[in-house]
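For reference, the structure is listed below as structure tokens.
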Amino acid sequence: TNTGAPVLKVMDTQCPFCSVQCKAQVIEEWAPGATKPTYRVEPKMNAASEGRLCIKGMNAYQHALHRERLTEPLLRQGGQFVPISWDAALTLIGERFTALQDQYGRDTVGVYGGGSLTNESAYLLGKFARVALRSKYIDYNGRFCMSAAASAGNKAFGIDRGLTNPLSDIPLAKCIILAGTNIAECQPTLMPYFTRAKENGAFIIAIDPRETGTTRMSDLHLKVKPGMDAALANGLQKVLLEEGLIDASFLGARTKGFAELKAHLEALDLEEIAQLTGVSEANIRKAAVTYGKSSTAMVFTARGVEQQTDGYMAVRAFLNLVLMSGKIGKPGSGYGAVTGQGNGQGGREHGQKADQLPGYRLIENPGDRAYIADVWDIEPEELPGKGVSAYEMMEKVHAQEIRSLLVMGSNPIVSNPNANFVEEGLRKLDFLVVADMFFSETAQLADLILPVTSYMENAGTLTNLEGRVLLREASRPPVGQSRDDWRVLSDIADQLGRGQYFEYGSAEDIFEELRVASRGGIADYYGITYDRLRREEGVYWPCPSTGTVSTGRLFEQQFAHEGGRAELIPVDNHMPAELTDDAYPLYLTTGRVLSQYLTGVQTRRSRSLAARDVESFVELHPKTARAYRITDGELVRVTSRRGTIVVRSRVTTDIRQDTVFVPMHWGDSQCVNKITNQALDPTCRMPGFKVCAVTIEPLVSG
Ligand code: SF4
């Protein structure tokens, strides 16, 4: 009980829930006589969020303070979890990992990370897999988020930084294409940038099979068939070409590959594209001509385009559009992959991916291996080779090639496609260790659960969707015995006899090493320090020296490929990996809702957010509902070739008649990924979350 004067504690923090990384203050107040504090949240000024917070940011603190937070290590014993000490937990991990690696080889233990981890934790997780475990198997949930756009950006521009322009350029654009992005629900504090652009006369084109808060802002909504984004982008390019709306001097001076692309586009048939995409020729023409004639323009893609089995090529098709028109590298003209996860950008730069080392270096490149081995003080030949992507790791788990897994910052049983198969695999593991704040669906299968700190308790840097690195300081002490992710990794490394490579006293110590590891790489952080981040409102990479005034606008003079030219590529009108038929006559597409984040482990535990969306749902068109004798609000079975889920119907004209939509934030019988398709993009290994074939029926018929 507070027996004295009112006590106020103001905690500076940063919302953990999306790639804007809005700054905030959580204010804890103890009134006189109060037995517990009250909390309120205020937005804090920052260049990206401009002092805004959305409903997720306003309520994020609720999960950090939640009574279900894990406070001590838990060991599965006889079908129950019992608390054990950290010493006992770490000893057990050391013994089990060592025994399994001795018996089955080093690669039998894998690591599965997350795109919401800080840069320091993401970096250390990559180093932990390669130096402590000496295993090639590491990947992370960002594979499902940014891999298509990342591969496309790297191949087309020579660099993958989400936005090629600062957010402040958006209001300067006279035309904006929003392809497969629902900013109104996923990054709500960005919406005012677009409304300002509209006030300045911008024409906004939305591409989405659904009507959303984002498409309602648009001047033209192209309600594309799921999975046909690449074909639609081809149609837009073809019209640009036909109408002479290309920038020949830009193409000649700053790109390569246009002759092949031109020949490819000339051979395509716009009428056929209209049929394939479900978008009329007139609307394809209107969109392309408006974009082409605008003095400035920006194109944004997100998961709607990218979470496809041709996601890499679909993004390349939109990048062709940008490059053909020369609308990049200028104020108000550029491209943006709208990153989803809180550290979706930084999470993919520091070595959590199977094929990457820190600084976006490649694990199969001898020079890159030698550089990182030197930073890590090991021999290059000690570094393992390339592993496999996130879902392919689950296939290795299922086949028992991987017999033990450390999961950190992720809930793979809900976020992987074909989740029934994934669950079967995880149940076969000899030893599953999950580091989490909560008893997530994946933690429920663990042999050992390690409690970790929340965003309010751990310090670290995160890189927002602009490529702007931001420092988030710790604002509360750890809950119970929970530990920071980086400390857990160092402690386990100690047990594996590799502690000498993991001697850090703070997140800043790790960042100092990360700076050096990234030096000279694509994502160069060398010039960024904690001191600098405390003084400035974030610092963009690339930042090769502490004196660099880093820029939010890339490619003003040249692209990052050797020779400075961007690359164009012909893209086919791919069809989805799974088509509808008599048994499964509807397309299923998946996505997000305003109140929830990822698999909902945190947001479903925030009472204000949970109250807004208590359960999942299936959105279906009134004509579809009538055809299947389904009424609004009743429970519906949605079945694909991989399983069935049961969710409540929402009947709405927002969705195409041939398509149903289910959000991805819920687990168990509402887990939409139990029915999504595991087919992968051949280049970036992104699963096709955005389209598969399903059928629906009322749970209770008659
Ligand atoms: Fe900002 Fe995103 Fe958090 Fe909303 S969810 S407050 S937009 S960081």
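Read the figures in this text as sums done on the coordinates, not as results from a lab. What you are looking at is a predicted structure, and each value in this text was computed from that prediction instead of being measured. With ideal geometry, Cβ positions are generated from the backbone for all residues, glycine too; neighbour counts draw on all protein chains shown.
List, in the order given, every pair from Lys353/Lys396; Lys238/Lys293; Lys353/Lys428; Lys262/Lys330 whose Cα-Cα distance in the structure shown is over 18 Å.
Details: Lys353/Lys396 16 Å; Lys238/Lys293 15 Å; Lys353/Lys428 24 Å; Lys262/Lys330 24 Å.
Table pairs above 18 Å Cα-Cα are Lys353/Lys428; Lys262/Lys330.
Compute the signed sum of charges (Lys and Arg +1, Asp and Glu -1) over the other residues within less than 13 Å, Cβ to Cβ, of Gly425. Before the final figure, lay out each step's value.
On the way: positive: Lys396, Arg403, Arg427, Lys428; negative: Glu392, Glu395, Glu401, Glu423, Glu424, Asp430.
Here the count lands on -2.
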query: For the range 140-201, what size does the Cα cloud have along each of its three principal axes, sorted from largest down, in whole Å?
result: 38, 25, 17
- request: For the range 135-175, just run the numbers: alpha carbon Rg, then divide by 2.2 N^0.38 Å, N being how many residues it has.
  value: 1.59
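Name the shape class, rounded, prolate or oblate, that the alpha-carbon gyration tensor gives for the range 433-582, where a ≥ b ≥ c are the square roots of its eigenvalues, rounded holds for a/c under 1.5, and otherwise prolate holds if a/b is larger than b/c and oblate otherwise.
oblate
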task: Take the Cα atoms of the range 17-91, build their convex hull, and give its volume per residue in Å³.
output: 173
query: Say R0 is 30 Å: what FRET efficiency, to the nearest 0.05, do Thr195 and Ser295 get from their beta-carbon distance?
result: 0.90
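Which value, in debye to the nearest 20, describes the size of the charge dipole of the chain about its Cα centre when Lys and Arg Cβ atoms bear +1, Asp and Glu Cβ atoms bear -1, and nothing else is charged? Provide the component values of the computation, followed by the final result.
On the way: 76 positive and 83 negative charges, 303 e Å.
The dipole magnitude comes to about 1460 debye.
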query: Between Gln21, Leu406, Ala253, whose Cα lies farthest towards the positive end of the dipole of the chain when Lys and Arg beta carbons carry +1 and Asp and Glu beta carbons carry -1, centred on the Cα centre?
result: Gln21
statement: Computed over the Cα atoms of the range 530-605, the Rg and Dmax in Å are 22.5, 64
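Quick one: putting +1 on the C-beta of Lys and Arg, -1 on the C-beta of Asp and Glu, what dipole do you get for the range 586-698 around its Cα centre, in Debye to the nearest 20? Show your work: numbers first, answer last.
Details: 17 positive and 10 negative charges, 30 e Å.
The dipole of the range 586-698 has a size of about 140 debye.
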- request: Give the shape of the range 586-698 as rounded, prolate or oblate, defined through the alpha-carbon gyration tensor: a ≥ b ≥ c are the square roots of its eigenvalues, a/c under 1.5 means rounded, and otherwise the shape is prolate if a/b is larger than b/c and oblate if not.
  value: oblate
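Can you tell me the equivalent ellipsoid semi-axes for the range 639-684? Use √(5λ) from the Cα gyration tensor, largest first, whole Å. Can you show the working numbers first?
Values: eigenvalues 88, 50, 20 Å².
Rounded to whole Å, the semi-axes are 21, 16, 10.
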message: Per q in 0.22 Å⁻¹, report the Debye log10 I(q)/I(0) for the range 25-148, using one uniform scatterer on each alpha carbon and no solvent.
response: -1.30
- prompt: Farthest toward the dipole's positive end in the range 586-698, which of Asn673, Ile645, Cys684, given Cβ charges of +1 (Lys, Arg) and -1 (Asp, Glu) about the Cα centre?
  reply: Cys684
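Please work out the Cα convex hull volume for the range 163-337 and give it in Å³ per residue. Present the calculation step by step, with values, prior to reporting the outcome.
Details: hull volume 17.6 nm³, N = 175.
It comes to 101 Å³ per residue, whole-number rounded.
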task: Set Lys and Arg Cβ to +1 and Asp and Glu Cβ to -1, take the dipole of the chain about its Cα centre, and tell me which of Ala577, Val434, Leu321 lies farthest positive.
output: Leu321
task: Give the percent of DSSP beta bridges with both residues in the chain that are antiparallel, rounded to the nearest 5.
output: 50
statement: Percent of all alpha-carbon pairs of the chain at distances over 39 Å, whole number, is 31
query: Cβ under 10 Å from Glu29's Cβ, Glu29 left aside: what net charge do those residues give with Lys, Arg +1 and Asp, Glu -1?
result: +1
- prompt: Mind checking the dipole of the range 163-337: about its Cα centre, +1 per Lys or Arg Cβ, -1 per Asp or Glu Cβ, Debye to the nearest 20?
  reply: 480
